[in-house]
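Data first, discussion second: the structure below is written as structure tokens.
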Amino acid sequence: HGIDVGSAEPDPDARARVRSDLGVADDEVLGITVANLRRNKDYPNLLRAAKRANELEPRVRFIAVGQGPLADDIATQHTELGLGQVLQLLGYRRDISALMNASDMLVISSIHEGLPVVLMEAFAHGLPVVATTVGGIPQAVTDGQEGILVPPSDSEALADALVEVAKDAERRRTMGAAARRRAADFDIRAAVATQQATYLELRGA
């Protein structure tokens, strides 16, 4: 379980192009979610938090990448909350790296997780993380270091954390640098080496 850390490189051209395509201004802070539209990802919590965060800090915007069985329900809630371009539902996309290059932070609102691959990818892209304390996330993210952790199903706490990160550019840089350093722990090469060593040890035994 891991990622190719070396494949995630900053790309200022992609950042400018993607943000222009999305209608996101240079001075706006963009949060990205990459998650299937399923119950465990708790999109209702994300949408409520996005609305509150934008009310508290109008410069914060969001994009959500993913598809799934709850697409219609989520689209309905999006309309009912009047989110408009505050949170764009992008559906299925293949350009995740470019979208991460265009973003300023990763958002995970799940009520259940293992160790999300998207979290490792965000680390490799140097994105600070605002996420819920579920599954393996607290083992990967040190609260206050690579990002901020909040309880699941608490849209106010999630929104407040998003605003806290959005308002502090220096803190985003510091957390982003810590995230990039943490990414090395999730390099697929290290995972493969560990597996190989384990099999060799078992064979020897």
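At-a-glance table
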| read-out | value |
| --- | --- |
| Filtered residues of the stretch 76-111 (kept if touching a Pro at 6+ places or on another chain (Cβ under 7 Å), of a type in the set (A, V, I, L, M, F, W, C) and more than 14 Å from residue 62 (Cα to Cα)) | 111 |
| Cross-chain or 6+ apart pairs with Cβ under 7 Å, the stretch 107-119 first and touching a residue at least 24 places away in the same chain (Cβ under 8 Å) and more than 21 Å from residue 184 (Cβ to Cβ), then surrounded by fewer than 24 Cβ atoms within 10 Å (Cβ to Cβ) and among the acidic types (Asp, Glu) | 109/42; 110/42; 111/42 |
| Qualifying residues in the stretch 15-70 (those that are of a type in the set (A, V, I, L, M, F, W, C) and open to solvent by 30 Å² or more (accessible area, probe 1.4 Å)) - the one nearest to residue 160 (Cα to Cα) | 56 |
| Residue check, residue 158 aliphatic (A, V, I, L, M), in contact with a Ser or Thr (Cβ under 8 Å, 6 or more places away or on another chain) and open to solvent by less than 100 Å² (accessible area, probe 1.4 Å) | yes |
| Boolean, residue 114 is surrounded by fewer than 22 Cβ atoms within 10 Å (Cβ to Cβ), on the phi > 0 side of the Ramachandran plot and out of contact with any Pro (no Cβ under 9 Å at 6 or more places or on another chain) | no |
| Lone unmet requirement of (1) open to solvent by 60 Å² or more (accessible area, probe 1.4 Å); (2) more than 17 Å from residue 118 (Cα to Cα); (3) not basic (Lys, Arg) for residue 75 | (1) |
| Residues of the stretch 161-205 classified as at pLDDT 95 or above, among the acidic types (Asp, Glu) and open to solvent by 70 Å² or more (accessible area, probe 1.4 Å), total | 2 |
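So that you can scan it fast, the table gives a plain yes or no per residue for (1) more than 17 Å from residue 43 (Cβ to Cβ); (2) of a type outside the set (A, V, I, L, M, F, W, C); (3) at pLDDT below 95:
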site	(1), (2), (3)
92	no, yes, no
108	no, no, no
122	yes, no, no
127	yes, no, no
130	no, no, no
140	yes, no, no
144	yes, yes, no
147	yes, yes, no
152	no, yes, no
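The values are calculated or read from the model by the stated rules, or taken from the named source; none is laboratory data. Fair warning: this is a prediction, and the values are worked out from it, not measured in the lab. Note that we place each Cβ from the backbone using ideal geometry, even for glycine, and neighbour counts take in every protein chain shown. For accessibility, only protein heavy atoms count, side chains too; no ligands or nucleic acids. Shrake-Rupley method; radii C 1.70, N 1.55, O 1.52, S 1.80 Å.
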